[in-house]
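The values are calculated or read from the model by the stated rules, or taken from the named source; none is laboratory data. Since the model is a prediction, treat every value here as computed from it, not as a measurement. Methodologically, a virtual Cβ is constructed for each residue, glycine included, from the backbone with ideal geometry; neighbour enumeration extends over all protein chains shown.
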Amino acid sequence: MTLSKKHFIFLFLLFIPFIFSDVYGFKSGKPKGVYHRVKKGETLYSIAKAYSVHVQDLAEVNNVENPDLIEADQVLFVPHANEVIEDVMLLLRAQGFDPLRNKPPAGEEPVAKSPPGGESPSRSKPLLKSDGSRTSDVESPKASPSLPGSAAGEISETPEEEAAPKEREELPPKAPPPAPPPKPVKNAAGSLNKEELPTDVSGKLQFDKKRFIWPVKGRVISRFGIQPNKMYHNWISISGKDMTPVVAAAGGTVIFSSELKDYGETIIIKHADNFATVYTHLKTRKVRLDDTVRKGDTIALIGKIGEEDKVYLNFEVRHQNRARNPLFFLP
């Protein structure tokens, strides 16, 4: 079946980063960025602000679903940065942004604290520890411990000294000149992002947990973003049994169903609101180009391929042609 012009254009746009961009990490090398070691008092937002990256991107790349769980000495990967910022707070103040004054309501943007004795919920654990070793595989989510709002390092206003009695009337003091506007935050490469970062702190990450369903029943064995070997994955890998059905994560139209070099049997489904899902490392495809599928319809099977012992699915979520962390969109 020949591709229509409309499908060809869509696929061409979809696969430009899919094939050529090492930022997305499709077996094209290590991603561009730096590793930042979190210091006590830093928040996910302050780190994102200092490096001029969006806090949502920083969270998704590092699988941080709960900012409460960032800890001192945790290592975060900061995409697109060229050099490490040693003192995030000092840099922000130098650029006119005071992270202590511009902070959200208590409890919404906790600061990094020394790691407690217990382990954090595994779904929000970073893939890298401070020593660079691998963390354990993803487990079922646990209740997140609530951390008290930070009081350390807060600036208290010094009360003004009581004015001495005056013998003669004086002219009112001149108003101080207006403070210069804060300089725009630059990334480590010295260039500005196209989109300005917000100056207020929301303290909340965005999730869309009801948009998709799990495409296969199994355990997450590899997560989105930076990997322990410092490679980058646009997908999560979900284990399963031989000949396990793969279902459509949402309703939509099949825009690709064929074998793809390096990824094996592949299916791409276009969904509403400029979303698309990608299913690779399949054993058998059950749908064809232009097929309409409903959420939960069987589209493929996974199984042993070649001499591989593991059976798994690589599942990817894209929004407006950008790879997103699937765990932020799955229930």
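Evaluated against (1) among the aliphatic types (A, V, I, L, M); (2) over 14 Å from residue 217 (Cα atoms); (3) outside any strand (DSSP E or B), residue 317 falls short on exactly one condition, (3). Assessment of segment 21-35 against the conditions (at pLDDT 90 or above, part of a helix (DSSP H, G or I) and either in contact with a helix residue (DSSP H, G or I) (Cβ under 6 Å, 6 or more places away or on another chain) or surrounded by 17 or more Cβ atoms within 10 Å (Cβ to Cβ) (or both)) yields no matching residue.
Flag not set for residue 271, criterion: closer than 21 Å to residue 307 by Cβ and of a type outside the set (A, V, I, L, M, F, W, C).
Just one of the listed residues (323, 300) is touching a residue at least 60 places away in the same chain (Cβ under 8 Å), out of contact with any helix residue (DSSP H, G or I) (no Cβ under 7 Å at 6 or more places or on another chain) and part of a strand (DSSP E or B), namely 323. For segment 45-98, the tally of residues that are part of a loop (DSSP other than H, G, I, E, B), buried (at least 18 other Cβ atoms within 10 Å of the Cβ) and without any contact (Cβ under 8 Å) to a residue 40 or more places away in the chain stands at 0. Counting residues in segment 38-48 that are of a type in the set (Val, Ile, Thr), under 18 Å from residue 318 (Cβ atoms) and either in contact with a helix residue (DSSP H, G or I) (Cβ under 7 Å, 6 or more places away or on another chain) or modelled with pLDDT under 90 (or both) gives zero. When every residue of segment 269-285 is checked against the conditions, at least one turns out to be part of a loop (DSSP other than H, G, I, E, B) and over 28 Å from residue 65 (Cα atoms).
Taking the conditions exactly as written (farther than 18 Å from residue 205 by Cβ and of a type in the set (Asp, Glu)), does residue 68 satisfy them or not? No: the conditions fail for residue 68.
Condition check ((1) surrounded by 21 or more Cβ atoms within 10 Å (Cβ to Cβ); (2) closer than 22 Å to residue 61 by Cβ) across all residues:
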{"site": "292", "(1), (2)": "no, no"}
{"site": "299", "(1), (2)": "yes, no"}
{"site": "303", "(1), (2)": "no, no"}
{"site": "321", "(1), (2)": "no, yes"}
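Taken together, the residues in segment 301-325 that are out of contact with any Asp or Glu (no Cβ under 7 Å at 6 or more places or on another chain), under 15 Å from residue 246 (Cβ atoms) and not acidic (Asp, Glu) amount to 8.
Taking residue 290 as the residue in question, decide whether it is in contact (Cβ under 8 Å) with a residue 40 or more places away in the chain and on the phi > 0 side of the Ramachandran plot. Quick ask: steps written out before the conclusion?
Numbers: in contact (Cβ under 8 Å) with a residue 40 or more places away in the chain: yes; on the phi > 0 side of the Ramachandran plot: yes.
Spelling it out, residue 290 is indeed in contact (Cβ under 8 Å) with a residue 40 or more places away in the chain and on the phi > 0 side of the Ramachandran plot.
Residue-level check: of (1) touching a residue at least 40 places away in the same chain (Cβ under 8 Å); (2) closer than 25 Å to residue 60 by Cα; (3) part of a loop (DSSP other than H, G, I, E, B), residue 241 misses just (2).
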